[in-house]
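The values are calculated or read from the model by the stated rules, or taken from the named source; none is laboratory data. None of the values given here were measured: they were computed from a predicted structure. Methodologically, a virtual Cβ is constructed for each residue, glycine included, from the backbone with ideal geometry; neighbour enumeration extends over all protein chains shown. Just the protein is used for accessible areas: all its heavy atoms, side chains included, with ligands, DNA and RNA removed. Shrake-Rupley method; radii C 1.70, N 1.55, O 1.52, S 1.80 Å.
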Amino acid sequence: MGINWRNRVVPEAASALALLAATGCVSTPDGPTGPTAAPSTSPARSVARVCADPAAGPAKAPAGAVPVDPAVVGDLAAKTRSNPANTTFWLRPGKHRLDPGRHAQVVPKKGNSYLGAPGAVLDGRKKNQYAFGGSARDVTLRHLTVQGFVAPHDEGVVNHDSADGWVIEHAKIQYNSGAGLMAGARQRVRANCLRGNGQYGMNAYKASGRITGLVVEGNEIVGNNTGDWERRRKGCGCTGGVKFWAVDGADVRGNWVHDNRGAGLWADTNNNDFRIEDNVLEANDGAALIYETSYNAVIRKNTIRRNNWVEGRRYADRDDNFPFATVYLSEAGGEPRIRARTDKIEIYRNVLENNWNGITLWENADRFCNSPANTSTGDCTLLVRDADRCARPQIATAPLYADCRWKTQRVDIHDNRFVLDTSVVGCTVKCDRMAVLANYGTYPDWSPYQGERVAEAITHKQRNRWHDNVYLGPWNFVAHDPSRVLDSGQWQGTPYQQDEGSTFQPQDGG
């Protein structure tokens, strides 16, 4: 499936950045984007070279650091136990091992730092489940390779317990089962190689509470979901490069996310206030980006190319006419009542080149709080925390009629460049669509959203708008429901009136 990511090299990312430069969509990042944000990293430096050329750690132990001996099994965990909080540990070159028990792991104390010398590897040997766990805050991990751990499904190897304030930099977290790492509040994940992990490169999930102030910057996130979990658990929605759950405030910038099986980046269930910018998202089997049942985001200045060839083609080959997209917003939109740096979802100054389909805005009429069709089981919107309130008869009246739904609304798509050459993608139909649509509501029998109500709302009433874009290639447009396929003239005309100020060059390519 997909393209062999092991053989991908730096020039692929460099040419993607060149495309951005040629279209005027690369600029110096705007700097900090929030009170906890860090300075941006240049994509040309951080996106292309992390796995092939990682920054080297200190060749000698820093002053005051505790050296760790790879020849002594369990030395790292033992010295962590015997030293106080705020200790720095320096791992000598070589392969470090934990005790052989399944649950053997390093449990840091608050403020500990772990620095790897050149060639320092912590290897789970397919015996240990977790590398670093526990609840200690403000732990730092730098210049260390962590590999060969066998975390269970939905669990992670580094920061297994989603402790807060961790900093993971210049690390290789690779060839593990489960997720390479988990995330806690105020976590910084910078300039790492997250490669070839069984489920996710990172699973930004915390069992209790929301994750705030997350920064994911300058990483290479490649070849994850080697376990192909979507086939093993059909419909699980549990795969990809990075998955975000209930994250409030995230800056995702300057990353190279490529050749993952499944989606590249997937924000799923009550995320809010994301800035996704200056990334290169390419050659992922599924969507480059899914933003689902979530709120308020800026998606800008990204290069997005050759994504969704595997999963998009699979839909088309089974004659499914749903426009499964490369950028897929599912029940996600802007909400001014939820505090964020924006009150809409704004998608602008991106280049999308030779993907399977473009941007789809979708809303499932049957998916709402307390509905059996809600795949975010037990969750309700950020406007109605108690799902039991979303029941008849009160759900049919204001404010619950509106607030019990995650709505695809206030989406502003502008100043993007959409390029499609069907000879490159290798398709003739169903790979050329932009869409805004919903299904016909039918379920459950007490739902107040039955019929075309949701389709009418997402298409005409919820302030979803394309404008001032450039289209190169044979693009088509889907509006209201999957059966309505439009050409550019119909898309711009009454009643849809989309893409005012946009230009269309219909022949393939650009």
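Assigning unit charges at the beta carbon (Lys, Arg +1; Asp, Glu -1) and nothing else, what dipole magnitude in debye, to the nearest 20, does the stretch 386-510 show about its Cα centre?
On the way: 13 positive and 16 negative charges, 71 e Å.
I would put it at about 340 debye.
Scanning residues 5 or more positions from Gly156 or on other chains, those with amide H under 5 Å from its amide H are Ala179, with H placed 1.01 Å from N in the peptide plane.
Rounding to the nearest 20 debye, state how big the charge dipole of the stretch 168-254 is about its Cα centre with +1 on each Lys and Arg Cβ and -1 on each Asp and Glu Cβ.
Numbers: 13 positive and 7 negative charges, 47 e Å.
Dipole magnitude for the stretch 168-254 comes out near 220 debye.
Expressed as a whole percent, the accessible area of the chain that falls on carbon and sulfur atoms is 49 (1.4 Å probe).
When peptides 66-77, 400-411 are sorted by average Cβ neighbour count within 10 Å, with the highest value leading, the order is 400-411, 66-77.
Where nothing but the Cβ of Lys and Arg (+1) and of Asp and Glu (-1) is charged, how large is the charge dipole of the chain around its Cα centre, in debye to the nearest 20?
Charge dipole, the chain, about its Cα centre: 1780 debye, nearest 20.
Pairs of Cα atoms nearer than 8 Å and 6+ residues apart set the relative contact order; for the chain it is 9 percent.
Which order, highest average first, do 479-485, 345-351 follow once you tally other Cβ atoms within 10 Å for each residue and take the mean per peptide? Provide the component values of the computation, followed by the final result.
On the way: 479-485: 16.0, 345-351: 22.9.
Per-residue mean Cβ counts within 10 Å order the peptides as 345-351, 479-485.
Less than 5 angstrom separates the built amide H of Arg484 from those of Ala479, all sequence-distant by 5 or more or on a different chain.
When the helices of the chain are scored as -39500 (n - 2.57) per DSSP H run of n ≥ 4 and the total is divided over every residue, the value at 222 nm lands at -2500 deg cm²/dmol. One chain, two ends: Thr503 and Arg231. Fully extended at 0.36 nm per residue, the span grows by 93.9 nm beyond their Cα-Cα distance.
Averaged per residue, what accessible surface does the stretch 275-355 expose to a 1.4 Å probe, in Å²?
Working: 2170 Å² over 81 residues.
Per residue, the stretch 275-355 has 27 Å² of solvent-accessible surface.
What the Cβ-Cβ distance of Gln490 and Val73 gives, at R0 = 51 Å and to the nearest 0.05, is a FRET efficiency of 0.15.
For Ala104, nonlocal amide neighbours, meaning residues 5 or more places apart or on other chains whose placed amide H falls under 5 Å from its own, are Gln129.
Per residue, what accessible area does the stretch 462-509 have, given a 1.4 Å probe and all protein chains present, in Å²?
Numbers: 2300 Å² over 48 residues.
Ligands and nucleic acids excluded, the result is 48 Å² per residue.
From the alpha carbon centroid of the stretch 149-168 to that of the stretch 329-400 is 28 Å.
Which entries in the list Lys206/Lys243; Lys344/Lys407; Lys127/Lys206; Lys206/Lys301; Lys407/Lys461 go over 18 Å, if you measure between the two C-alpha atoms of each?
Lys127/Lys206; Lys206/Lys301
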